[in-house]
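Have a look at the structure below, then the notes.
Readers should treat all values here as calculations from the given coordinates under stated rules, not as data from a laboratory. Note that the structure is predicted; figures quoted are calculated from it, not measured. Methodologically, a virtual Cβ is constructed for each residue, glycine included, from the backbone with ideal geometry; neighbour enumeration extends over all protein chains shown.
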Amino acid sequence: MRLTIGQAAPDFEVKNQHGEQVSLASFKGVKNVLLTFYPFAFSGTCTGELCALRDDLSAFENEGVQLLAISCDPMYAQRAFADHERYTFDVLTDFWPHGAVAKAYGVFDDARGCAIRGSFLIDKSGLLRWQIINGLGDARNIDDYKAAIAAL
């Protein structure tokens, strides 16, 4: 099920790569959230996309926007991935219940057991303002993120 622009974004609470609980609700009234799902830690396209965000991080994580990357990989894999690639943003685990957040956002691939490439911009009031969903092998364009953030 695809989400509709303008609807309330599904709330979630999961752990980041350090084992700390992170919830969407904690950003309500404080920051817009760029939530980006990726299929697998350490895979080529996923690493390239997240490194592009890392290399231009101030555009995606600043006083007005919080970047949250999420996959169905377990927390320890997320930690190794984030440490290896020097990601300072939160890398979240949607491992158990497996893919629950990806399912809520309509980007879980049941056949492969992973999230597909979905990105969602959620405003400070918790409403979905932008989304893009690509297939497993289709990298996203970082400029699309920037345009969506600028349009808020």
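Assorted remarks:
- When you restrict to C-alpha pairs under 8 Å that are six or more residues apart and normalise by the size of segment 37-150, the relative contact order lands at 27 percent.
- Within the shell of other residues whose beta carbon sits under 12 angstrom from the beta carbon of K146, the net charge comes to -2, with Lys and Arg scored +1 and Asp and Glu -1.
- The chain: antiparallel DSSP beta bridges as a percent of all, rounded to 5: 65
- Ellipticity estimate at 222 nm from DSSP helix runs (n ≥ 4, -39,500 (n - 2.57)) divided over the chain, nearest 500: -7000 deg cm²/dmol
- Value of relative contact order over segment 2-92, rounded to a whole percent, pairs C-alpha under 8 Å and six or more apart: 34
- Three principal axis extents describe the C-alpha atoms of segment 37-150; from largest down they are 35, 29, 25 Å.
- Cleavage-rule hits (chymotrypsin sites (Phe, Trp or Tyr not before Pro)) in segment 9-50: DSSP loop, at most 13 neighbouring Cβ within 10 angstrom: F42
- Exposed trypsin sites (Lys or Arg not before Pro) absent - longest run of the chain, DSSP non-H/G/I/E/B, at most 10 other C-beta within 10 Å: 3-85
- Legend: Rg and Dmax of segment 1-48, from Cα coordinates, 13.3, 35 Å.
- Electrostatic bookkeeping for L127 treats Lys and Arg as +1 and Asp and Glu as -1; over the other residues with beta carbon under 15 Å from its beta carbon, the sum is +2.
- Length released on extending from S125 to S58, taking residue separation times 0.36 nm less the Cα-Cα span: 21.9 nm
- Restriction of the GluC sites (Glu not before Pro) in segment 46-101 to DSSP coil positions whose beta-carbon has at most 16 other beta-carbons within 10 angstrom yields E63.
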